[in-house]
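This report concerns only the one structure given below.
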């Protein structure tokens with residue numbers, strides 16, 4: 001949050017007193033930063049690095065119907081819910097977006113995201129193109145979208161196998177799905193090829209810093225400039 005106080009110095013009034021009478025505050029509404037990519041292209045590693053390096057950025061914690069994996073912490077990695085619970089949340093309008101991925105449902109709870117944005121914090125989303133389209137429809141002014149491409153399909157497959165997380169059948173399924181996911185790259189504001197994480201992470205950080213400074217995100221800027229023009 002930043003503040004500014006343009007003022008005109010008057011006889012008999014000190015600078016601080018004059019400034020106090022024309023105080024104009026500029027603050028920023030948070031933004032939603034979306035990272036999308038095929039599985040294995042690096043968005044999860046990029047997300048972790050951004051969160052570790054940026055105190056103004058927080059992760060959107062999705063609700064999901066998929067089983068918890070070893071090492072995952074409920075409420076930190078995901079909110080794990082049953083299919084019936086998920087359907088209830090959909091019917092109550094509690095999701096900003098939701099989608100079915102590999103047979104499981106994922107959705108973004110609305111309340112925590114809106115609270116963060118109103119407080120000037122940015123929210124990071126690790127979601128696919130379906131979820132991104134829904135966010136684009138519901139909150140386009142708050143949205144910044146980045147699509148991460150792998151250097152090649154061969155490298156993508158190598159990364160999937162190296163994770164030792166999925167069976168050969170699951171890797172084949174993810175590679176088949178990647179072809180469809182890659183077709184949606186033109187729908188994103190920014191597109192990066194992740195050759196090396198050490199280079200891609202600073203590129204995403206640069207996007208985030210620039211988007212934070214966009215004129216339309218500076219709430220109170222109009223009033224501040226008006227005060228300047230009036231000589232306050």
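Among the candidates 210, 178, which residue alone is without any contact (Cβ under 8 Å) to a residue 12 or more places away in the chain and either under 18 Å from residue 33 (Cβ atoms) or assigned to a helix (DSSP H, G or I) (or both)?
Among 210, 178, only 210 is without any contact (Cβ under 8 Å) to a residue 12 or more places away in the chain and either under 18 Å from residue 33 (Cβ atoms) or assigned to a helix (DSSP H, G or I) (or both).
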Q) Given the residues 6, 16, 83, 70, which is the only one that is more than 29 Å from residue 220 (Cα to Cα), over 24 Å from the mean Cα position of the chain (by Cα) and at pLDDT below 95? A) 70
Q. Looking only at residues in the stretch 73-113 that are in contact (Cβ under 8 Å) with a residue 40 or more places away in the chain and not in a strand (DSSP E or B), which one is surrounded by the most Cβ atoms within 10 Å (Cβ to Cβ)?
A. 113
Q) Does residue 198 satisfy the condition of being over 20 Å from residue 38 (Cβ atoms) and either part of a helix (DSSP H, G or I) or out of contact with any helix residue (DSSP H, G or I) (no Cβ under 6 Å at 6 or more places or on another chain) (or both)? A) yes
Q) In the stretch 125-141, which residues are within 25 Å of residue 214 (Cα to Cα) and either touching a helix residue (DSSP H, G or I) at 6+ places or on another chain (Cβ under 6 Å) or surrounded by fewer than 19 Cβ atoms within 10 Å (Cβ to Cβ) (or both)? A) 126, 133, 134, 136, 137, 138, 139, 140, 141
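Residues of the stretch 52-72 being part of a loop (DSSP other than H, G, I, E, B) and under 30 Å from residue 202 (Cβ atoms), which ones?
Listed by number, the residues that qualify are 54, 55, 56, 60, 61, 62, 69, 71, 72.
The values are calculated or read from the model by the stated rules, or taken from the named source; none is laboratory data. Every value quoted in this text rests on a predicted model; they were computed, and no experiment measured them. When we count neighbours, we look across all protein chains shown, and the Cβ atoms used for this are built from the backbone with ideal geometry, even at glycine.
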